[in-house]
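This report concerns only the one structure given below.
The values are calculated or read from the model by the stated rules, or taken from the named source; none is laboratory data. Keep in mind that this is a model prediction, so the values were computed, not measured. Here the Cβ positions follow ideal geometry from the backbone for every residue, glycine too, while neighbour counts run over all protein chains shown. We work out accessible area using only protein heavy atoms, side chains counted, and drop any ligands, DNA or RNA first. Shrake-Rupley method; radii C 1.70, N 1.55, O 1.52, S 1.80 Å.
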Amino acid sequence: MKRRIFSRLLTLFVLVVVLAAVAVPVTAQDDTVIKIYASWPLTGGTQAIGESMQKAAGLALEHYLADNNGEGPAGFTVQIVFLDDASPTTGAWDGTIEAENAQRCVNDPQCMVYFGTYNSGAAKVSMPITNEAGIAQISPANTYAGLTHACETCEEGEPDIYRPSGEVNYFRTHGSDDVQGPGAASWAVCLGFEQVYVLDDTQAYGKGIADEFARHAEEIGLEVVGRSSVESTDIDFRALLTDVRASGATLVYGGFVMDSGGPQVIQQMDALGLFSSGIKFMGPDGLASASLFDQIGGAEIANDNVYLTFPGPLPSTLETEGGQRFYNDYVEQFDEEPDPYSVYAYQSMQVILDSIARAGVAERGAILEAMRNTTDFEGIASTFSFDENGDSTLAGFYGYRVVDGGFVEGTLVTPTTHENCPG
Amino acid sequence: MQNNLTLLRHRFQALPSNQQQLVAVGGFLATTVVAGLLNQVISFDLLKLIYLTLIFITCVVIAQWLFNYIQILPRNIQIVTVGIIALTAPFILRELEKMTDFGLLTQVNRALIFVALAQGLNVVVGFAGLLDLGYAAFFAIGAYTFGILTWPSHDIELSFFLAIWVCAVVASIFGMIIGAPTLRLRGDYLAIVTLAFGEIIPTVVRNLGDFSFAFRPVHYLNGLTFIFVLFAGWLLINLLIRVIRRDIVDMESLQRDRLVRTVAIIAVLLIASGVMRVIASDREFELKSWELVEDINLTGGSQGLTPLGKPSFRLVEESFGMEKNSLRVGVNPTFWYYAIIFVTGIILVAARRLDDSRLGRAWKAVREDETAADFMGVDPIRTKLLAFAIGASFSGLAGAVYASMLGAIFPELFRFQVSITLLIIVVLSGRGSVWGVLVGGLIISIFDGVYLAQVLPDAFPDEPVESLRWVFFGAGLLFIMVFRPQGLFPVRTKAREQNQGANT
Amino acid sequence: MFGMSIDQEVFVQQVLNGLTIGGYLALIALGYTMVYGIIELINFAHGDLFAFGFLFSLTLFEYFNPAAPLTGADLYLLLPFILLITMAVTGGLNVVIDQIAYRPLRSAPRLAPLLTAVGMSFALEAIFAIWKGATQIAYPRYFPTKDVFREWFDLEPVIIFFTTKDVFLLSVTIPLMIVLALFIDRTRIGKAMRACAQDREAAAMMGINVNRIISMTFFVGGALAGAAGLIWGLYINSGRFLMGFEAGLMAFTAAVLGGIGNIRGAVMGSFIIGMLKALSDGYIGGEWSRAIIFGILILLLVFRPSGILGSTQSIEKV
């Protein structure tokens, strides 16, 4: 018996050695490499947006290298590790995966910047993790106000509860929903709507912006005749839309993203004849993507019926030199129109590379400090600085209407737009 | 075709048990590789995939052999070996991690949590034979109780070490509440009712985002000390073990038990001192802190609760004059490994004790034949309720630790898939086998979290392999169900019966 | 319209919504109940056949590529043709699923096929997600939509919106159910099915090819789910890869409500569930509908396990 045990232990030992020998060649730790972990949905309902953002971030790095004779920031080789935070079982972002992504960054000594997220709810999960580790996080798309500063409809204690270390480590290069929601309400007044029905998807972003919209709407005399939440797993909204019809609303405001029920609501509003009886839909930046048209079954449904707000000019209308270069190179390289949010993926990537260059060392703290000190940065959408909360100093939103399958007539919307309507 | 299959099955069943296991695991892996190869069209790193598959198979084989050796070894050497492996694992894994780029230790932590959860389900399904399709509900209750107790905006912020036990208790209460209506039902109908509960609870959790007219206590438990919690935990474990060993059958014997009495006195003293400490501290503490709150956000709705409390060692920091928060553990996987191994260890020991206890035998009697068991003096109602309560408490404990490790919880965490994954772990490992569920749970969770979620997508970057994981699971499930219906590591009933015969 | 107030019209509209939900749920629930009646298996993969019918018919439409909305020959020939093909293929898929996942386990403990059924369901969902993407899938408006009250009767309801699509849904589902009832009541195969449901061994001894009858049952159940998928596509015009799971849960609840194994019970249960869902969506809030439906299911199982109409078999067997 003993002998057998011994011989087996020997085989075991041999196996371990073999295993180690097999695994060793994979080893490669390089001091000159800086990794950026990017985390947003690359599959599921938001796939089109996520992939466009991925391409834009890669393009930003490419352009940087081209401008600096192939030399990375401060001599480092920058790698972007793209992680998907969508769950294959639901096709929508998943908090568990997001937390694991952030933990992977924290536990990888080469990870210096966490680049994400797309969904504000996901940022609530990763922010405390990156904050505690002192890693800079920059989001290309989150607009929920409570991530950076307190607001009227935000949760108590926000944003400090996401900052266990007490330091600010989260930045965004665009505005937030306490400007966008009220701006949309003001714009709706300008467009001549008087009764509005407000819907949301119960998520951080969707509910947050719907709350802001409803709050400001009541203040400026736009009557909120109904307020309801939608389950993203539900597939049949007829009963809800019957209620909308009965409420006498002429506008439906929906706080949605692509994978949380927004396309279904628009599609069924059309199928149930709400659009044909003159009721319109207004949505936030989460629905501002050409992929919306595929999911609702054609742009003709949205034409003249859908209004959307977005935190800046669209890729094709960028005015800066860098912006035009981005747009032209993107179209040339990938043979498709960039998604609106790819602008901010590109711009955030610019900020990351600039921060690494200014920090000069591969240290999380130094890069975070450099990012915090970003001032008068010339991005492709605008020139901005970060304030003490990590917000961009430039926080404008534009209203777009859908005409002929495209977003047109970008008008600047602010919470006071209704006092002096454009055009 | 039917005949060939039967022949194959017979030939397979003639093999010795450990070879069967190897063939089953190997077949499972081979299916995934073949499916992966069939699926690929253009670019893939075949060499790397074969490499990593080989490594994975080697790991499984090592785990298998270890499992077998440890069973032959004398008991004290067993404990030492398992102890050494358990204690050194994170360092080995950290080293391996540097080589492979996969978050191994994090995945092992997750796997251990799933083992703990599966042990709870094993009590319900394996021991007592009650088919539960909504077990994730208890996981949810544990995790949400933890969330509610530690979410900063709720202003309770109970210490981690105290909160996890509260979660276990709350989950076991819910286990009994949910178990009660199902006691009359058998078979499929029981499964349907548990499934319905499993669907209702996440829905309720989603809708309790805005909850009016609730009370919330303000800062009332922050002062309780770390040591008190350790004692309380020790007391609980001891009590549990004594109840299981039938030292304590009613209130009278409870009072008679000397150990319990001593510990109870110490506990009372400690609680008193804790309360004193709170009152004496300069924190604002008023008895009137139960205030009426309108519109409290209890569960955070679909957004879930984030961030949640992490274990903090405020008292240790204070007494050793260290900087505040210097011992915060955050996402350090090594720390979490030890925390989880501690909790999972408690659950394993409890499950093992339960297996051989009077209650364990009662469960098995009910499982085999409820009517006969009733006739022999086993109270099926009490027995089943205890199965639900104990199973749920394991799950509540594991859920609380998981919530804290993740730092966030969402209703999405507790969907049907989780219940089914756990059920698959229990059934594939061998129903009713504590060690089997441990090994099987580790292998299946790591297979899922490392091989399917990281290795395959790495090898086939352009293919949607991650979405195919349920295809693999389905195939593996069918394969094992057809060829080895008793599971990979079934209970060695025969061996044990023989031993028992020799002892008595 | 007809002197109704707006509130009354809303109520009528919600009842109509409930009716149409009940219509497609019934087609799915029938498959659950038939399979359960014969082999006492909760076929969890059944709901996904509904999603398969949706996706497959969409693929067929894309292949033939008719102009939307359908007119003339497309409407009267192509649509029934696609309906038939979809039903046949979905039925066939269900038979294949049975052959792969359930037949090898016919003599195994009850838990085994239940688990493989769940595994099969998840596997199908994963395949759907890869097949058509995990996004919202738009189904072109092939069926011509006319507002019945406004365009046909010149009435002016404020709320009520009842279109030709609703008429289509009811005029396909209800005849299908009647045909099924006749099939089971009148034909030899139907009789054999009932015999198998009552006692499989005795039926085998009487010379019935039990395996063939089981395959037949799977085929008919799958075909009905496939039809439901196509009807849903034409009716709601959008879907997702997970739609089968949601609809399957509802339909399964409906089958249990009516007494699982009971054909008429399943139809009745479906209309009750449809009505419950519509009214709870409309008057309580959509977010609670699931909890309400499953709460009723639990109460029913605890207090009246045989369902409203009772099962065709004794409860002891269950």
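Observations on the structure shown:
- Verdict on residue C:189 being away from every other protein chain (no Cβ under 14 Å) and either charged (D, E, K, R) or buried (at least 18 other Cβ atoms within 10 Å of the Cβ) (or both): no
- Residues (open to solvent by 40 Å² or more (accessible area, probe 1.4 Å) and either touching a Ser or Thr at 6+ places or on another chain (Cβ under 7 Å) or over 22 Å from residue A:326 (Cα atoms) (or both)) located in the stretch A:363-382: A:363, A:364, A:365, A:369, A:372, A:373, A:375, A:376
- Any hit, the stretch C:177-190, residues being under 30 Å from residue C:213 (Cα atoms) and over 23 Å from the mean Cα position of the chain (by Cα): yes
- Residue A:252 being more than 7 Å from every other protein chain (Cβ to nearest Cβ) and either more than 14 Å from residue A:307 (Cα to Cα) or in contact with a helix residue (DSSP H, G or I) (Cβ under 7 Å, 6 or more places away or on another chain) (or both): yes
- Subset of the stretch C:110-132 (residues that are facing chain A (nearest Cβ under 8 Å) and in contact (Cβ under 8 Å) with a residue 40 or more places away in the chain): C:125, C:129
- Looking only at the stretch C:232-242, residues that are at the interface with another protein chain (Cβ under 8 Å from one of its Cβ atoms) and over 26 Å from residue B:468 (Cα atoms) come to 2 in all.
- Residue tally, condition within 16 Å of residue C:20 (Cα to Cα) and either more than 14 Å from chain A (Cβ to nearest Cβ) or surrounded by fewer than 24 Cβ atoms within 10 Å (Cβ to Cβ) (or both), over the stretch C:248-269: 5
- Top-ranked residue in the stretch A:153-189 [being open to solvent by 10 Å² or more (accessible area, probe 1.4 Å) and more than 14 Å from chain B (Cβ to nearest Cβ); ranked as nearest to residue A:223 (Cα to Cα)]: A:189
- Residue list for the stretch A:215-238, filter: in a helix (DSSP H, G or I) and either of a type in the set (D, E, K, R) or within 14 Å of chain B (Cβ to nearest Cβ) (or both): A:215, A:218, A:219, A:238
- Taking the stretch B:411-452 as the range and being touching a Gly at 6+ places or on another chain (Cβ under 6 Å) and open to solvent by 10 Å² or more (accessible area, probe 1.4 Å) as the test, only B:431 passes.
- Scope the stretch A:375-423; condition of a type in the set (A, V, I, L, M) and touching a helix residue (DSSP H, G or I) at 6+ places or on another chain (Cβ under 8 Å); matching residues: A:380, A:381, A:395, A:402, A:413
- Look at the stretch C:291-305: where a residue is within 14 Å of residue C:269 (Cα to Cα) and more than 7 Å from chain B (Cβ to nearest Cβ) and a partner is open to solvent by 20 Å² or more (accessible area, probe 1.4 Å) and outside any helix (DSSP H, G or I), sitting 6+ places away or on another chain with Cβ atoms under 8 Å, you get C:300/C:308.
- The residues listed here are C:208, C:174; of these, the one that is of a type in the set (A, V, I, L, M), more than 8 Å from every other protein chain (Cβ to nearest Cβ) and crowded, with 18+ Cβ neighbours inside 10 Å is C:208.
For every residue, the table says whether it meets (1) buried (at least 24 other Cβ atoms within 10 Å of the Cβ); (2) outside any helix (DSSP H, G or I); (3) without any contact (Cβ under 8 Å) to a residue 40 or more places away in the chain.
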| residue | (1), (2), (3) |
| --- | --- |
| B:115 | yes, no, no |
| B:118 | yes, no, no |
| B:121 | yes, no, no |
| B:124 | yes, no, no |
| B:130 | yes, yes, no |
| B:137 | yes, no, no |
| B:142 | yes, no, no |
| B:147 | yes, no, no |
| B:153 | no, no, no |
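- Residue pairs whose Cβ atoms lie under 9 Å apart, separated by 6 or more positions or on different chains, with the first residue in the stretch C:141-158 and at the interface with chain A (Cβ under 9 Å from one of its Cβ atoms) and the second of a type in the set (A, V, I, L, M), are C:141/A:271; C:141/C:68; C:141/C:234; C:145/A:271; C:158/A:246; C:158/C:1; C:158/C:4; C:158/C:6.
- The criterion of at least 2 residues that are touching a residue at least 60 places away in the same chain (Cβ under 8 Å) and either aliphatic (A, V, I, L, M) or not assigned by TED's automatic domain parsing to the domain that holds residue A:407 (or both) is met, among helices (runs of 4 or more DSSP H) falling completely within the stretch A:254-307, by A:299-302.
- Only listed residue being surrounded by fewer than 16 Cβ atoms within 10 Å (Cβ to Cβ), part of a helix (DSSP H, G or I) and at pLDDT 80 or above, chosen from B:349, B:268: B:349
- Some residue of the stretch A:338-353 being more than 26 Å from residue A:33 (Cα to Cα), part of a loop (DSSP other than H, G, I, E, B) and acidic (Asp, Glu): yes
- Members of the stretch C:89-101 that are more than 10 Å from every other protein chain (Cβ to nearest Cβ) and closer than 19 Å to residue B:473 by Cα: C:96, C:97, C:98
- Listing of strands (runs of 3 or more DSSP E) fully contained in the stretch A:58-149 that carry 2 or more residues being crowded, with 24+ Cβ neighbours inside 10 Å and away from chain C (no Cβ under 14 Å): A:111-115, A:136-139
- Subset of the stretch A:12-47 [facing another protein chain (nearest Cβ under 8 Å) and at pLDDT 60 or above]: A:43, A:44, A:45, A:47
- Every residue from the stretch A:190-207 that is open to solvent by less than 10 Å² (accessible area, probe 1.4 Å) and either away from every other protein chain (no Cβ under 14 Å) or touching a strand residue (DSSP E or B) at 6+ places or on another chain (Cβ under 6 Å) (or both): A:196, A:197, A:198, A:199, A:200, A:206
Residue by residue, here is whether (1) touching a Gly at 6+ places or on another chain (Cβ under 8 Å); (2) more than 27 Å from residue B:408 (Cβ to Cβ); (3) of a type outside the set (S, T, N, Q) holds:
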position	(1), (2), (3)
A:180	no, no, no
A:184	yes, yes, yes
A:196	no, yes, yes
A:205	yes, no, yes
A:208	yes, no, yes
A:211	yes, no, yes
A:219	no, yes, yes
A:222	no, yes, yes
A:225	yes, yes, yes
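- Single unsatisfied condition, residue B:364 versus (1) in contact with a Phe, Trp or Tyr (Cβ under 7 Å, 6 or more places away or on another chain); (2) more than 14 Å from chain A (Cβ to nearest Cβ); (3) open to solvent by less than 20 Å² (accessible area, probe 1.4 Å): (3)
- The condition (being within 14 Å of chain A (Cβ to nearest Cβ), open to solvent by 30 Å² or more (accessible area, probe 1.4 Å) and within 18 Å of residue C:41 (Cα to Cα)) is satisfied by just one residue among C:219, C:245: C:245.
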